[in-house]
Every structure is written in structure tokens, then in C-alpha cells.
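Everything on this sheet refers to the single structure shown next.
We did not get these values from a lab; they are worked out from the coordinates using the rules stated. In this text, all values refer to a predicted model and were calculated from it rather than measured experimentally. Because the Cβ atoms are built from the backbone with ideal geometry, glycine has one as well, and the counts that use them run over all protein chains shown.
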Amino acid sequence: MSVVPEKKFSDALRDRRATQSFDSTPIPDADLKQILQAGLEAPSGYNIQPWRFVVVRDPEQRKKLSAAAFGQPKVAEAPVVIVACGDTQAWKNGDLDLMLKMAAEHGYGGPAEHEGARKAVTGYLGNPPGNAGGIGPDIAVWANRHTMIAYTTMMWAAETMGYDTAPMEGFLEDKVKETLGIPAGVRVVALLAIGKRKGDKKPYGGRFPMDHTVFGDTWGKKL
Ligand SMILES: Cc1cc2nc3c(=O)[nH]c(=O)nc-3n(C[C@H](O)[C@H](O)[C@H](O)COP(=O)(O)O)c2cc1C
């Protein structure tokens, strides 16, 4: 557990900025595990947990990753870069069985419920997507949807623990996959650098007012 008292969520929300530069202060293993575990507690459809995370700490590997991320210096600077991935195949390669076994061990549901869940997951994920006449999800959107919840939970966990973070979409997916040995069927969703900020905090760029982005009952109608 971190020795620094955790920030209140509202303080983290106010303080967080996308960090442009990091110093070399390392993240203790216990803190890193706490951040990762927070993300792994995220919810997912059917509890199928399709996310995978490659935690890149090795300086050489971070340099290579930076090259795959358009040379963004923060990737090479930050002591930890989490590469968040969505595995579109894991559910049929053992994760569905594993999830049902875990549920049984936790006393969650019985054999009939587990059989029902197996059918539901297979029927949904094994079906062509809705835009192709089926009832299945767009698998890239599906992988992204789940992975980003776990990823964002890690970001806020790190912030409440006093770390600075940088979310990134600026990378070439194929290059990242090649650098880290990520297999086919796995999508790279986003990178998250974590560490301690170097230099001044980036100014707040503001947010659209609520009436620009939030509607009531019908798209476009004021809440
Ligand atoms: C998913 C995602 C991807 C982003 N990708 C990059 C990136 O590749 N490089 C970068 O410098 N900033 C990146 N940003 C940071 C945004 O530019 C930043 O969050 C936004 O300007 C708002 O600033 P703030 O987070 O400091 O409030 C990304 C943010 C998010 C959420």
C-alpha cells in the first residue's frame, strides 16, 4: 500500500492533467500493483474481462515503444508505460471457462446459471455484428469499451495515489504490436504513462459546458 494518503476523488479530478514530461522517479512495485489491481476490478460485460496490459518498464523497451508512438518523449521518460490491449479471442480460448469456474468458486450462481451464461456469451460474441445482420457486437468497439474502463480506473487510481499520468492514442498499432510481441486478434487500445511530472503542470484547457454534451431524454434536447 502507498504510504502517501490517497487523494479524494474530487481532488484528483481537479488536479489531473495530461502530463507532458516525466522525471525518472520510479514507482514502487507495491504501488504499481495497487494501480493495476484497481483497473482489474473494473466491470465488464458477462465479467469476461477481455483486457490485457503490457507493463513496460525496461528503459530500452520504452525507447522502442516511444519510436512506435511517433517519438513521444514521455513514453521513454516515464518509469512505467501501460499498454492497454483488448483481446477479441480470449473468451473462446479459455477465458469463458475460467470466468465460470471463478464464479463457482465465489459461490456466484449454480450449474444452471453458468450454462445459461455460457450460451449467452457464445450467442452474443459468436454472432456476426448488428451492422452485418447479426446480434453480436462490433468486436473492435467491444474490446475498446471494456479495456478503456479498466484503463481509466488505473489512471484515476494512480492520480489518487499522487502520481501523474499521460493517456495516449498517438502510436502506430502494428509497430506497438511488433515491439511488444502482441499476437493477432489483440487490439492495442491506448497507452498510459505513469510517474512524477517534470516541469510545470499543463494549463487546464477547459471543457464544453454540460448543455453542449449532455441531453435529456432525446438527442439534442436540453436536460
Ligand atoms: C485516449 C486519449 C488519448 C490521448 N493521446 C494523446 C497523445 O497521444 N499525446 C498527447 O500528448 N496527449 C494525448 N492525450 C491527452 C489529451 O490531449 C488531453 O487529455 C486533453 O488535451 C485534455 O487535457 P487534460 O487531460 O490535461 O485536461 C490523450 C488523451 C486521451 C484521453
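First obtain the Kirkwood hydrodynamic radius of the range 127-175 from its Cα pairs, then insert it into the Stokes-Einstein equation at 20 °C and 1.002 mPa s, and state the resulting D in µm² per second as a whole number.
162
Dipole of the range 9-213, Cα-centred, from +1 at each Lys and Arg C-beta and -1 at each Asp and Glu C-beta, to the nearest 20 debye?
Value, rounded to 20: 440 debye.
Calculate the translational D of the range 1-53 in whole µm² s⁻¹ from Stokes-Einstein, where the hydrodynamic radius comes from the Kirkwood formula applied to all Cα pairs, the temperature is 20 °C and the viscosity 1.002 mPa s.
155
Between 0 and 90 degrees, rounded to the nearest ten: what's the tilt of helix 95-105 against the longest Cα principal axis of the chain?
Roughly 80 degrees, rounded to the nearest 10.
FRET efficiency for residue 119 and residue 40, Cβ-Cβ distance as r, R0 = 41 Å, nearest 0.05?
0.95
Specify which residue in the list 108, 124, 53 is farthest towards the positive end of the charge dipole of the range 44-134, using unit charges on the beta carbon of Lys, Arg (+1) and Asp, Glu (-1), about the Cα centre.
Of the listed residues, the answer is 53.
Just the projected area, averaged over all directions, of the convex hull on the alpha carbon atoms of the chain: how many nm²?
On the way: hull surface 61.8 nm².
Seen from a random direction, the Cα hull of the chain projects 15.5 nm² on average.
Compute the distance in nm between two label points, each set 7 Å from the Cα along the Cα-to-Cβ direction, one at residue 198 and one at residue 29.
Placing both labels 7 Å along Cα→Cβ, they lie 2.6 nm apart.
Identify the trypsin sites (Lys or Arg not before Pro) of the range 1-33 meeting these criteria: DSSP loop state and at most 10 other C-beta atoms within 10 Å of the C-beta.
8
Residue farthest toward the positive end of the dipole of the range 9-213, with Cβ of Lys/Arg at +1 and Asp/Glu at -1: which of 172, 83, 134?
Highest projection toward the positive end goes to 172.
Using +1 at the C-beta of Lys and Arg and -1 at the C-beta of Asp and Glu, which of 94, 39, 156 has the Cα lying farthest in the positive direction of the dipole of the chain?
156
Could you derive backbone 3J(HN,Hα) for the range 204-219 from the dihedral phi with the Karplus parameters 6.51, -1.76 and 1.60 (θ = phi - 60°), listing whole Hz in sequence and x where the residue is Gly or Pro?
Result, rounded to whole Hz: 6, x, x, 9, 4, x, 4, 6, 8, 10, 10, 10, x, 6, 9, 3.
Taking amide H atoms as placed 1.01 Å from N in the peptide plane, list the residues 5 or more away in sequence, or in a different chain, whose amide H sits under 5 Å from that of residue 82.
Close amide H contacts, sequence-distant or interchain: 56, 192, 193, 194.
About the Cα centre of the range 128-223, what is the dipole size in debye to 20, counting +1 per Lys and Arg Cβ and -1 per Asp and Glu Cβ, all else neutral?
Result for the range 128-223 is approximately 300 debye, rounded to the nearest 20.
Note the angle between two axes, namely the Cα long axis of helix 139-160 and the longest principal axis of the Cα atoms of the chain, as a number of degrees from 0 to 90, rounded to the nearest 10.
In the chain, helix 139-160 runs at an angle near 40 degrees to the longest axis.
Run the numbers on the range 9-213 and let me know its relative contact order in percent, using alpha-carbon pairs under 8 Å that are six or more apart. Kindly include the intermediate steps, with their values, before the conclusion.
Values: 309 pairs, mean separation 74.9, N = 205.
With pairs under 8 Å counted, the relative contact order is 37 percent.
Given H placed 1.01 Å from N in the peptide plane, which residues other than close sequence neighbours of residue 202 have an amide H under 5 Å from its amide H?
20
Compute the long axis of helix 29-40 from its Cα atoms, compare it with the longest principal axis of the Cα atoms of the chain, and write down the angle in degrees, 0 to 90, nearest 10.
40
Which of the trypsin sites (Lys or Arg not before Pro) found in the range 118-223 are loop residues per DSSP with 11 or fewer other Cβ atoms within 10 Å of their Cβ?
Sparse-neighbourhood loop trypsin sites (Lys or Arg not before Pro): 207, 221, 222.
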